[in-house]
Each structure stands twice: as structure tokens, then as C-alpha cells.
1. Please give the FRET efficiency for residue 367 paired with residue 48, using the beta carbon to beta carbon distance and R0 = 45 Å, rounded to the nearest 0.05.
2. Residues of the range 72-89 with backbone nitrogen within less than 16 Å of a virtual label 7 Å along the Cα-to-Cβ line of residue 109, please, listed as ranges.
3. Count the net charge of all other residues whose Cβ sits under 9 Å from the Cβ of residue 216, scoring Lys and Arg as +1 and Asp and Glu as -1.
4. What is the range 266-329 by shape, rounded, prolate or oblate, if you read a ≥ b ≥ c off the alpha carbon gyration tensor as root eigenvalues and call it rounded for a/c under 1.5, prolate for a/b larger than b/c, and oblate otherwise?
5. If we sort 109-118, 178-187 on the protection proxy, mean other Cβ atoms within 10 Å, highest first, what's the order?
6. Based on the alpha-carbon gyration tensor of the range 189-333 and its eigenvalue square roots a ≥ b ≥ c, which shape applies: rounded if a/c is under 1.5, prolate if not and a/b is larger than b/c, or oblate?
7. Counting only C-alpha contacts under 8 Å and six or more residues apart, can you give the relative contact order of the range 165-269 as a whole percent?
8. Taking N as the number of residues in the range 308-358, what is its alpha-carbon radius of gyration divided by 2.2 N^0.38 Å?
Amino acid sequence: MNQSGRGRPTQRLSGLVDSNGFEAPTVPAWMRWLPALYVLIVLLLEFVTPTQWAVSSLLIAVPVLAAFTHGPVGVAVVTVFAVVLEGVLAGTPCCTGHNIHQLWGNHYVATYISTLVVGIMGVALAGYRRRQQRHLVRVNSVAEALMRTLLRPVPHRVGKVLAAGLYRSGEIGTMVGGDLYDIRATPAGERAIIGDVRGKGLQAVRTVADILGSFREAAYDPGDLLAVAARMERRLAHEAAEIPDDELFVTAALVEYDARAQQVTIINHGHIEPVLISGGEVTALTGPPALPLGLGGLSAEPPVSYTHRFAHGDVLLLCTDGLIEARDHTGAFYPLLDRLIQRFGGRPAPGPADVIDFLNADLPRHTRILHDDVAILAIAPRVEEPE
């Protein structure tokens, strides 16, 4: 299902594409027309100012304006055009009132030379800009490929549940972030995790890799959900010792679905409470809190799991704080429960994809800019097909 934010406004692309299909966003269209607009302004000044003013010398800036939006060839063409236009304006008696002999006046010749010099510099600048764009495309493609490997697409069916997921990074133009989620079908039932790593950048990505790797191994091991959490706690403690980082932690919620008992078991390590959509009602499933993963050694009390009924027609929503802390223009947080009640309250049971699609469309209406990563995972019991 939705993995990287379907429903965003479509971006025009610059045509710089790497082997993985990643492209660099282009500049706005109005910037591409800026050199032409500047030339029109210069022409207008030429006709409204006294003839002794060499307004055409302002065309020296045209190659630089073109260098910000066009390639080297385009800048070279614009430079030649600017020099020719300067000559036309300098020696056209019918239009500007100048004498054709002024075409080779000292100050006009200096203008031509200056424009050519600026044009050469503009060509070099445009070439450098293109190389930097290609470099950024390669860097972003590697980073996104890494995150796509870690946060694998959520299958529509996972064991005995239906699932859907959404991930949006707070970093514009990239998927790199510190939020995580996964779901696995195991002999003990369907087990899912959602979490938020403290910090950002490459260190957060490294921790995401460690946590997901630990979960994907521990989820299939014998033992209950508390054993899975304990193994992840130990792995994070080793990671903190290797860095070293005494403040490394991950808030996380672990979920296990038991189809026979029609219930979910939840362990909440300092994370946002899961939200249950059931029978037209929306409820936050609160339970005994536990310290975030990585800080378990600070408490003598082990984490405690709690259960809740989870049957056909229910949807369990897991999310990170980037969703509920998204602010609108007034500074108000995203009212998750209220929005879900408005959309699904008193209505037939939605599917996980319906909930994800709604949040994916509704969140941009609330806030235009995300300042934190957003990860969302929705699951629902699957109706068993008769054999």
C-alpha cells in the first residue's frame, strides 16, 4: 500500500534521472522565464529614458539570470542574444534615436566584452549547477534506496490480517528519517511494531536498521511479545554502548494479533497509544506504560502487556508523533481522534487502506509543511475464505 506519500501535489522534474529512477525537482516555471522578463523591462526602459542613457548595458546581467535555470548551452545562446540586442539598441536610429556610428563607441564595446565575460562565467556556473544536481540525485537515490530497503512496502495481506502503511519524511525531498514500522506473520500470530528513534540523520537510520533487524529476528523466535521486547531492549543497549550514546532510545508500540482469541496484545514503550476503530467508534487503547526501548535499565519494573478485543470489522491504527504533532497555520496540533470520528464515526467498518488514504489526504489539508517524520500502520482481521 501507500509507502511514500501518495496524494502529494505532482512535482515537475528537471530530467536529471539516475539509474534507479530518482529525479531532481526542477525550478519553478516563472524562474525559467525571468531572463525574458528582465529583457522586456530593459527594452521598456530604453524607450522611456533619454537617448543619452546607455540602458542596454543592463543586459550584462541576463547570462547570470539564465545560469540559475538553464544549462550551459542555453546560457551560451542567451549570451549571444544579449550581445546582439545590445548592438541593436546601440546603433538603431529608428527605434532608440542612437546613431549607427555609436555601435562601436568605447562604452558600448566595453558592454559587449563585459557581457561575453559574464556569459562565459554563466556557462561555467550552469555547468557546475548541473553537476551538483546530478550529485544530489545520486546521494538522495542511495538514501531513499536504503530507507525503502529498511521500510519495506506493507503487503495487503499479512497472515490473517489486512494491512496498509504510510511513511512521510520531515526532510523535504527524501525518505530518510527515524520513524519505523513493520508487520510479520509468525507462528505466534501477526506481530507488528511502530517506533520513533531519538535523533535524526544517519545515526537515526542506523538505529532504525538495528531495531527492525532485531524485531524481524525476534518475532519468529519462541516466546511471547514480552520476549520480543526484551531482545530488542538488549540489542539497543549494545548499540548505545558501541556508539557510545547514553541517551539512545526508541519509543515503540509492539502488537500481536491472536486470531483464535480475537484479541490483540500490546506493549507500549513510551509511544502513542494505538487507536481502535470499532463499530463506528474511535478509541485510544491505553494501558500500562513502559519506558522507551533503550532505557529499560532505568526501571526495576519490567514492561507489562495488555490485551483488547480485536474482531472482524475493527481497524487498529498505529502512528508516530509526527502525525499528531503536525501543526496548522494557527499552531494547533492535528486532532487525530476528532478527524477519525468525523470520517468513520457511526459508519460501516473501513479497511486499513481506507484509513491510510484518508489520513494521507487529510494531513496536507491541516499542515502544508511537516517538521517531523510520519509513519502510520493500519491493520484489520481478515475474513477467512472457506477452503
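Just so you know, all these numbers are worked out from the coordinates, no wet-lab data involved. Remember, it's a predicted structure, so these values are computed and weren't measured experimentally. Here Cβ is always computed from backbone atoms with ideal geometry, including for glycine, and neighbour counts include all displayed protein chains.
1. For R0 = 45 Å, the calculated efficiency reads 0.45.
2. 87
3. Net of charged neighbours comes to -1.
4. Judged from the Cα gyration tensor, the range 266-329 comes out oblate (a/c at least 1.5, b/c at or above a/b).
5. Listed from highest to lowest mean packing, they are 178-187, 109-118.
6. oblate
7. It rounds to 26 percent for the range 165-269.
8. The range 308-358 yields a ratio of 1.29.
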